[in-house]
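Before any comments, here is the structure.
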Amino acid sequence: MKIDSKNFIIDGLNTKVLAKKYSTPLYCYSFSKIKENITKFTHSFKELNPIICFAVKANSNKTLLGEINKLGLGADVVSIGELTKAIKSGINPKKIVFSGVGKTADEISFAIKKRILLINAESKSEILQIEKIAKKQNKIVNIGIRLNPNTDANTIDQISTGKKENKFGVSEKIFLDLVKYSKNSKYLNLKCLSVHIGSQILELKPYEKMLKIVNKVIKKTNYNFEYIDLGGGMGINYENNYKQLNLKGYCKSIIKNLKNYKSKIIFEPGRFIIGNSGFLISKIIYIKEGHKKDFIILDAAMNDLMRPALYNAKHKIIPVNKNKKKSKKIYEFVGPICESTDKFSSLTKFQKLNEKDLIIICDVGAYGMSLSSNYNLRPKATEILIKNSKVKVISKRQSLKDLM
Ligand SMILES: *Cc1c(COP(=O)(O)O)cnc(C)c1O
């Protein structure tokens, strides 16, 4: 993907023309970037030849799921909605894993009927529920059990999932009990140990700690797991500090720690695959002068992009109309929603902006549109995919009628 900020061009298409044609706020995705990310991921882990299941919650657009399927990935889903959409987008159920702490009986029943790769169970109660439904359907179900390795992912608390105070997975002790229980069940076929310690991880250390624990626990079970599902969480570079997760180092560490097992590795990356492929183009409605800062009031808001309001996430903002003048005041980029957290960024020494100017909010491909809502009864934005310098509308802006 090329983003040429001098000419405001994404993959050969002029941002201004796109904004004019499709209106704003506008989500744009670059196919070439998605492909590049998948190639990089596959290449880094090629020694493992893993099964890669895209975490659908990062972005559940049907066309994008279809493209990701064609590029060879399966899916990690967390609801019957995501499971249905993944299948409808063409993903083979044999490449779908189902995660989540609260799968309902209906969801489990549907997943069993579709014969997906694995249901990754997260509690004793869920295992009993799966067994009961399997018995009723007279089917043997492939399951995984999610271990809570009690390791700190060194990411922000809101997206950490692998510590003992988190609701995810089961402790080592319960894991060992559940392995015994599942081994003796007529309806459960225990195939997998799964873990997922959190999101936006940029350091190897948390993964290394997690791998040591996984190794220790598998040894204790003395059980032959066909799969080890290491989850996702690989971080991307939102700010300009060039910090990057060492994927090849992670691969080496997996080989080192898990070399005694013949298990096939599964990954569930979401953000890494799609995060930096997405841009949100937004127009400045008003500029409102404040005491020490100017409020740049955008037509995009927290309902379109929730991450800054939800976990204080930072996204780069770049102006489409470049000039050499610098603003003397702080610019606070906000949306029109009636919440003080409806704020994207506070920036100093930004270039001078004017009303009606366009700006681009970067790296919004993951947890952008999928977390969007109709709050303040605002319509969901249009999404377009840029592929081979052609534009395809992959989701239309909701109309006023849709909102009624
Ligand atoms: C959210 C989630 C993922 C994906 O996380 P990323 O940080 O987007 O890679 C993978 N597996 C599970 C179980 C998850 O909950």
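Just need a number here: residues in the stretch 235-255 that are in a helix (DSSP H, G or I) and free of Cβ contacts under 8 Å to residues at least 60 places away in the same chain.
3
Restricting to the stretch 60-78, name every residue that is over 23 Å from ILE265 (Cα atoms) and within 13 Å of the ligand (Cβ to nearest atom).
SER60 - this is the single residue of the stretch 60-78 that is over 23 Å from ILE265 (Cα atoms) and within 13 Å of the ligand (Cβ to nearest atom).
Name the residue, out of TYR250, TYR238, that is among the hydroxyl-bearing types (Ser, Thr, Tyr) and either open to solvent by 10 Å² or more (accessible area, probe 1.4 Å) or more than 15 Å from GLY198 (Cβ to Cβ) (or both).
Every option except TYR238 fails the conditions.
What are the residues in the stretch 162-178 that are away from the ligand (no atom under 12 Å from the Cβ) and out of contact with any Lys or Arg (no Cβ under 9 Å at 6 or more places or on another chain), if any?
LYS163, LYS164, GLU165, LYS173
Counting just the residues of the stretch 256-265 that are surrounded by 14 or more Cβ atoms within 10 Å (Cβ to Cβ) and part of a loop (DSSP other than H, G, I, E, B), which one comes out nearest to the ligand (Cβ to nearest atom)?
SER263
Quick check: is even one residue across the stretch 370-380 open to solvent by less than 10 Å² (accessible area, probe 1.4 Å) and either at pLDDT 95 or above or hydrophobic (A, V, I, L, M, F, W, C) (or both)?
For the stretch 370-380, residues open to solvent by less than 10 Å² (accessible area, probe 1.4 Å) and either at pLDDT 95 or above or hydrophobic (A, V, I, L, M, F, W, C) (or both): absent.
Going by the conditions given, is LYS167 assigned to a helix (DSSP H, G or I) and of a type in the set (Lys, Arg)?
Criteria not met by LYS167.
Is at least one residue of the stretch 338-349 outside any loop (DSSP other than H, G, I, E, B), out of contact with any Ser or Thr (no Cβ under 9 Å at 6 or more places or on another chain), among the hydroxyl-bearing types (Ser, Thr, Tyr) and surrounded by fewer than 19 Cβ atoms within 10 Å (Cβ to Cβ)?
Yes, because at least one residue in the stretch 338-349 is outside any loop (DSSP other than H, G, I, E, B), out of contact with any Ser or Thr (no Cβ under 9 Å at 6 or more places or on another chain), among the hydroxyl-bearing types (Ser, Thr, Tyr) and surrounded by fewer than 19 Cβ atoms within 10 Å (Cβ to Cβ).
List the strands (runs of 3 or more DSSP E) inside the stretch 70-161, counting only whole elements, that have at least 1 residues being among the charged types (D, E, K, R).
Hits in the stretch 70-161: 74-77, 141-146.
Going by the conditions given, is ASN321 out of contact with any helix residue (DSSP H, G or I) (no Cβ under 8 Å at 6 or more places or on another chain), part of a loop (DSSP other than H, G, I, E, B), open to solvent by 10 Å² or more (accessible area, probe 1.4 Å) and on the phi < 0 side of the Ramachandran plot?
yes
Name the one entry in SER395, SER399 that is within 30 Å of SER199 (Cβ to Cβ), assigned by TED's automatic domain parsing to the domain that holds ALA19 and either open to solvent by 20 Å² or more (accessible area, probe 1.4 Å) or acidic (Asp, Glu) (or both).
SER395
Between a residue in the stretch 117-136 that is over 17 Å from LEU193 (Cα atoms) and any residue that is open to solvent by 70 Å² or more (accessible area, probe 1.4 Å) and modelled with pLDDT of 95 or more, which pairs come within a Cβ distance under 7 Å, given they are 6 or more apart or on different chains?
Correct list of pairs: ALA134/ILE140.
Please state which one of GLU239, GLU226, GLU268 is touching a strand residue (DSSP E or B) at 6+ places or on another chain (Cβ under 8 Å) and away from the ligand (no atom under 16 Å from the Cβ).
Of GLU239, GLU226, GLU268, the one residue that is touching a strand residue (DSSP E or B) at 6+ places or on another chain (Cβ under 8 Å) and away from the ligand (no atom under 16 Å from the Cβ) is GLU226.
Going through the stretch 1-53 one residue at a time, which ones are modelled with pLDDT of 90 or more, in a loop (DSSP other than H, G, I, E, B) and aromatic (Phe, Trp, Tyr)?
PHE45
Report, by residue number, each residue of the stretch 79-114 that is small (Gly, Ala, Ser) and away from the ligand (no atom under 13 Å from the Cβ).
Of everything in the stretch 79-114, those that are small (Gly, Ala, Ser) and away from the ligand (no atom under 13 Å from the Cβ) turn out to be GLY81, ALA86, SER89, GLY90, ALA105, SER109, ALA111.
The values are calculated or read from the model by the stated rules, or taken from the named source; none is laboratory data. Model, not experiment: these values are computed from the prediction. Here the Cβ is made from the backbone with ideal geometry for all residues, glycine too, and neighbour counts use every protein chain on show. Remember, those area values only see protein heavy atoms, side chains included, never the ligands or the DNA or RNA. Shrake-Rupley method; radii C 1.70, N 1.55, O 1.52, S 1.80 Å.
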